[in-house]
Amino acid sequence: MRDESEIVISELRRQAKGMLPLMLITYGVFALLGYWQWQTALSILLGSAYALFNFYQIGQSALRAAAFYRTPERAQRGMVRGYLTRYVLTAVVIVVSFKLPWLNPAAVIVPLFYTKIILLILNTCRKGGN
């Protein structure tokens, strides 16, 4: 399981590197729209941190399902349980972003899509050239 954990960490690092330019672009767009305050930057940072945490949890959930569940049905149930837990946590993050006055909810929500954007870009680049 050690080698598989290293794969998860490697992918997590790649996601973090991909998020940096997306965070700058997102902040630039918000600044152009008049939301240049520190709350916007903090919101983008928190949303990005949660997106990385969520991505890590997906990897860990897949590793647990592969390693500890002996039948495909049990593995699937374990994955679904992790999936539902991540959805609830994401809902909590979004609700909290609306409740706390020093967070910009839109700037928290946009980074939640970064992992999907990065994976889409990476897969498109692989198919085209590599």
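A few notes on this one:
- Ratio of Rg to Rh for the stretch 74-130: 1.16 [Cα atoms; Kirkwood radius as inverse mean 1/r over pairs].
- Each helix, a run of at least 4 DSSP H residues, gives -39500 (n - 2.57); summed and divided by the residues of the chain, these come to -29500 deg cm²/dmol at 222 nm.
- Backbone geometry of the stretch 86-101 corresponds, through the Karplus equation with coefficients 6.51, -1.76 and 1.60 at θ = phi - 60°, to 3J(HN,Hα) couplings of 5, 5, 5, 4, 5, 4, 4, 4, 5, 4, 4, 5, 7, 7, 7, x Hz, x marking Gly and Pro.
- Here the stretch 3-75 was treated as a single set of alpha-carbon atoms; its pair distances binned every 10 Å from 0 give 18, 35, 24, 15, 8, 1 percent.
- Taking 0.36 nm per residue of sequence separation and removing the Cα-Cα distance, the Ser10/Val92 pair yields an extension gain of 26.8 nm.
- Restricting the stretch 1-101 to chymotrypsin sites (Phe, Trp or Tyr not before Pro) that sit in a DSSP loop and have at most 15 other Cβ atoms within 10 Å of their own Cβ leaves Trp36, Tyr69.
- Percentage relative contact order, the chain, counting C-alpha pairs under 8 Å, at least six apart: 35 percent
- For the chain, the convex hull drawn through the C-alpha positions has a volume of 118 cubic angstrom per residue.
- For the chain, the solvent-accessible area works out to 68 Å² per residue, with a probe of 1.4 Å and every protein chain left in place.
- For the stretch 114-121, backbone phi angles converted through the Karplus equation (6.51, -1.76, 1.60; θ = phi - 60°) give residue-by-residue couplings of 4, 4, 5, 4, 5, 4, 5, 5 Hz, Gly and Pro being listed as x.
- Rounded percent of accessible protein surface that carbon and sulfur make up, the chain, 1.4 Å probe: 69 percent
The values are calculated or read from the model by the stated rules, or taken from the named source; none is laboratory data. Everything numeric here is computed off the predicted structure, so don't read it as measured data. Positions of Cβ are generated from backbone atoms using ideal geometry, with glycine treated the same way; all protein chains shown enter the neighbour counts. Just the protein is used for accessible areas: all its heavy atoms, side chains included, with ligands, DNA and RNA removed. Shrake-Rupley method; radii C 1.70, N 1.55, O 1.52, S 1.80 Å.
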